[in-house]
Amino acid sequence: MSEAWSHIRVLGRVRPLLQHELATNEKAIVSALAQDSLSVFYNEQMQKYKFHRCFGESVDQDDLFEQSGVKEMIDMALTGFRASCFAYGQTGSGKTYTMFGDETKGTGKVGLIPRSLRYLFDVLPPDGSVSVRMSFIELYNEQVFDLLNSNRTNLKIRWTKDEGYFAENAFVVACDTVADAMEVLTEGRHNRQVGSHDLNRDSSRSHALLSVFVEQLDPTHECAVSTGRVTFVDLAGSERLRDTNSDGVTVTEAQSINKSLFALGAVISALSTAARKGRAPKNVPYRDSKLTKLLMDCLSGTAIGMLLACVSPAERFAEESTRTLEYALRAQNISSKPLQNVD
Ligand code: ADP
């Protein structure tokens with residue numbers, strides 16, 4: 001494990017202003033100050049947020065992948081460890097771009113997940129001693145759907161001693177090649193789009209969980225002797241959801257998103273505190289939401305987690321960006337510092 005790893009690693013990423021924001025002379029108020037800090041200049045005040053690593057608007061997808069530590073997570077999964085990587089932030093802050101990429105903008109814009117899959121298949125031993133399987137589920141309104149099954153039935157969450165919490169009957173697809181893995185990714189993303197269209201809601205209101213299981217096989221290649229896992233999570237938009245009137249968000253949708261994001265923050269915060277004190281975590285509230293139940297395996301014990309806080313630099317989103325950064329700080333259990341007051 002590289003020295004930079006603690007149990008939880010919190011990263012910040014600011015996207016650039018978009019074309020339409022530049023066209024309307026939107027002001028950028030969030031920027032990277034240094035490799036480990038971001039600043040927000042708002043209401044005549046400059047606030048500094050310190051994380052394990054920060055990425056400014058000029059950091060491209062390649063550099064993000066190389067410097068985020070995701071490669072180390074894949075390496076660890078190959079040795080039987082479990083890991084999770086979350087993208088958190090308001091809708092439009094760059095979560096999907098960071099995790100999946102934006103293929104409409106060219107091959108260099110590919111995100112962390114497809115890059116990780118490519119990397120995994122590049123470093124897999126060629127002797128067939130490791131197998132890769134993937135599942136892709138969606139959590140919407142406290143319901144769990146299998147994104148690899150076009151038949152959208154609400155799956156039950158079960159618990160067993162060996163497997164922990166899991167979505168019962170979700171497909172776990174064997175991937176022999178990187179092309180197979182990309183196909184799984186494409187199919188799941190397609191089903192997420194279709195599903196949200198059918199239900200007449202925005203996919204930004206669901207959490208998408210893509211798990212990559214890496215199994216070390218015994219010499220006969222019949223049984224797994226250890227299973228590593230990395231789960232990537234594109235979280236629902238964290239923006240303050242008011243009610244059904246303004247933006248078509250139902251009260252249950254809002255409550256469900258708030259509950260799961262709150263529970264996730266509380267779990268990460270409990271783990272960060274324990275790691276800082278060098279103690280085993282106690283009373284971690286994994287069971288407080290379906291999201292944290294499904295992620296328990298990837299956050300407990302020796303597992304490592306990475307929270308990527310995505311923010312827009314635009315002044316009109318200052319409050320949401322601040323809320324995102326405060327959430328990320330709470331996850332690390334560190335408070336923000338006023339950098340300077342500008343009167
Ligand atoms: P979210 O998933 O948080 O709703 P998106 O990932 O869809 O947000 O990003 C919103 C828009 O911003 C998209 O058009 C996306 O291509 C663009 N974008 C986000 N992050 C970046 C970035 N780092 N560089 C360039 N464009 C970005």
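Computed from the coordinates by the stated procedures, all read-outs in this text should not be read as laboratory data. No experiment lies behind these values; they were computed from the predicted model shown. In this analysis, Cβ positions are derived from the backbone assuming ideal geometry, glycine residues included, and neighbour counts consider all displayed protein chains.
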task = Take Gly128 and decide whether it is farther than 26 Å from Val40 by Cβ and either outside any helix (DSSP H, G or I) or within 12 Å of the ligand (Cβ to nearest atom) (or both).
result = yes
Val144 vs (1) in contact with a strand residue (DSSP E or B) (Cβ under 7 Å, 6 or more places away or on another chain); (2) within 16 Å of the ligand (Cβ to nearest atom): all pass except (2)
Restricting the range 164-201 to residues that are more than 14 Å from Met134 (Cβ to Cβ) and of a type in the set (Lys, Arg), the one nearest to the chain's Cα centre (by Cα) turns out to be Arg192
The helices (runs of 4 or more DSSP H) lying entirely within the range 6-119 that contain at least 2 residues which are within 12 Å of the ligand (Cβ to nearest atom) and touching a strand residue (DSSP E or B) at 6+ places or on another chain (Cβ under 8 Å) are 61-68, 95-99
### Message
Within the range 149-163, does at least one residue satisfy the condition of being part of a strand (DSSP E or B), in contact with a Leu (Cβ under 7 Å, 6 or more places away or on another chain) and in contact (Cβ under 8 Å) with a residue 60 or more places away in the chain?
### Response
yes
Taking the range 248-263 and keeping only residues that are touching a residue at least 24 places away in the same chain (Cβ under 8 Å), assigned to a helix (DSSP H, G or I) and touching a Leu at 6+ places or on another chain (Cβ under 6 Å), one is left with Ser260
